[in-house]
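Student: Before anything else, here's the structure in question.
The values are calculated or read from the model by the stated rules, or taken from the named source; none is laboratory data. Only a predicted model underlies this, so the values are computations on that prediction, with no experimental measurement involved. In this analysis, Cβ positions are derived from the backbone assuming ideal geometry, glycine residues included, and neighbour counts consider all displayed protein chains.
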Amino acid sequence: MKQGKLTDRQTKELWPGAQLVCGKKDFLFYKTGITPHPHFIDEENGNHFLKVLIPKKHYGPIVGAQWKIPLAPKDEYLFSYKIKFEHGFDFVKGGKLPGLAGGTANSGGHIPNGYDGWSARMMFWDEGKLSFYLYYPKQTSKWGEKLYLRTSPIDTLRLIPGQWHQITQHIRMNDLGKKNGIIEALVDGKQAFFADTILFRKDDKLAIDQVFYSVFMGGDDLSWASSKDQYIYFDDFYVSTQQAKQ
């Protein structure tokens, strides 16, 4: 694919069945150019990758940078991608990154009830700290549960601007009536989080059925916004029921 703007049509060619997540007003602003187009294809040393604009003085979902990409419903998946924050990236207070989800892919303060949906996006924080941002029935806050990734029991993992990292999620749904769901994260091939006590669902019809691609700063006010335009890069998206590429 050539360098330049990645259109919605091209996005759907890359991710068959993908659906843009936004309201009618947001979609109109996006299509008429009132809000900026976030996706571009860039190239370095012959390798093409996705370049996502984080616009200055903007917080909350970026129209065009939230998609739901369908998967065949299953109880277990691995989802992996490479990510690089540009040199000098200002993490501010944090922002959202892609993850697996199911059903209604709950977010935005909509706490799952065990029958509607769930989501396990990633989230970056100040200084490049990384966590799961989990919406599930047992969460303790209206907003997503923050499960920080660590390099040791006392050291929080940090992503380094200007350097490619690989994030791999492993999710396995709980058996009905049991709190035995698995949520695991590896960064650069090393385990950084593991829990096997998660209750994702109370109905076995609920499964992993989508990638929730979501990239933005925030947060719910301007204190989360960047003071400058900046970029996050993605490459090698990979979804499998088999062992993920490392």
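Student: Which of the numbered conditions does Val21 fail, given that it passes all the others? Conditions: (1) farther than 19 Å from Asp209 by Cα; (2) among the β-branched types (Val, Ile, Thr); (3) surrounded by 14 or more Cβ atoms within 10 Å (Cβ to Cβ).
Tutor: (1)
Student: Let me ask another. Take region 63-99 and flag every residue that is surrounded by 18 or more Cβ atoms within 10 Å (Cβ to Cβ) and in a loop (DSSP other than H, G, I, E, B).
Tutor: Val63, Gly64, Ala65, Asp75, Phe89, Phe91, Val92
Student: Within the bounds of region 119-130, is there any residue that is closer than 19 Å to Trp224 by Cα and touching a helix residue (DSSP H, G or I) at 6+ places or on another chain (Cβ under 9 Å)?
Tutor: The answer is no; no qualifying residue exists.
Student: What are the residue pairs meeting all of these: first residue in region 200-219, first residue within 16 Å of Lys74 (Cβ to Cβ), second residue in a strand (DSSP E or B) and among the polar types (S, T, N, Q), Cβ atoms under 7 Å, and 6 or more apart or on different chains?
Tutor: Sorted first by the residue in region 200-219, then by its partner, the pairs are Phe212/Ser119.
Matching residues to (1) farther than 20 Å from Asp235 by Cα; (2) of a type in the set (A, V, I, L, M); (3) within 14 Å of the chain's Cα centre (by Cα):
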| residue | (1), (2), (3) |
| --- | --- |
| Trp125 | yes, no, yes |
| Phe132 | no, no, yes |
| Gly162 | no, no, no |
| Thr197 | yes, no, no |
| Ala207 | yes, yes, no |
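Student: What do you reckon, is Ala192 modelled with pLDDT of 95 or more, buried (at least 18 other Cβ atoms within 10 Å of the Cβ) and within 20 Å of Ser107 (Cα to Cα)?
Tutor: Here the answer is no, as Ala192 does not meet what is asked.
Student: Would you point out the residue of region 196-227, among those that are under 12 Å from Leu176 (Cα atoms) and not basic (Lys, Arg), that is surrounded by the most Cβ atoms within 10 Å (Cβ to Cβ)?
Tutor: Per the criteria, the residue is Phe200.
Student: Still on this structure, I have one more. Taking into account only those residues within region 160-206 that are part of a strand (DSSP E or B) and of a type in the set (Lys, Arg), which is nearest to Tyr136 (Cα to Cα)?
Tutor: Only one residue tops the list, namely Arg172.
Student: Does any residue of region 145-157 turn out to be touching a residue at least 60 places away in the same chain (Cβ under 8 Å) and closer than 23 Å to Val239 by Cα?
Tutor: no
Student: Can you tell me which residue in region 100-111 is surrounded by the most Cβ atoms within 10 Å (Cβ to Cβ), limited to those that are in contact (Cβ under 8 Å) with a residue 12 or more places away in the chain and out of contact with any Leu (no Cβ under 9 Å at 6 or more places or on another chain)?
Tutor: In this case the residue turns out to be Ala101.
Student: Do we have Thr140 as over 15 Å from Ile208 (Cβ atoms), at pLDDT below 95 and outside any helix (DSSP H, G or I) here?
Tutor: yes
Student: Let me ask something else. Just name the residue that is nearest to Ile167 (Cα to Cα) out of those in region 30-86 that are among the small types (Gly, Ala, Ser) and at pLDDT 95 or above.
Tutor: Across region 30-86, the extreme among qualifying residues is Ser80.
Student: Another question, then. If I go through region 207-242 residue by residue, how many of them are closer than 18 Å to Pro161 by Cα and assigned to a loop (DSSP other than H, G, I, E, B)?
Tutor: 6
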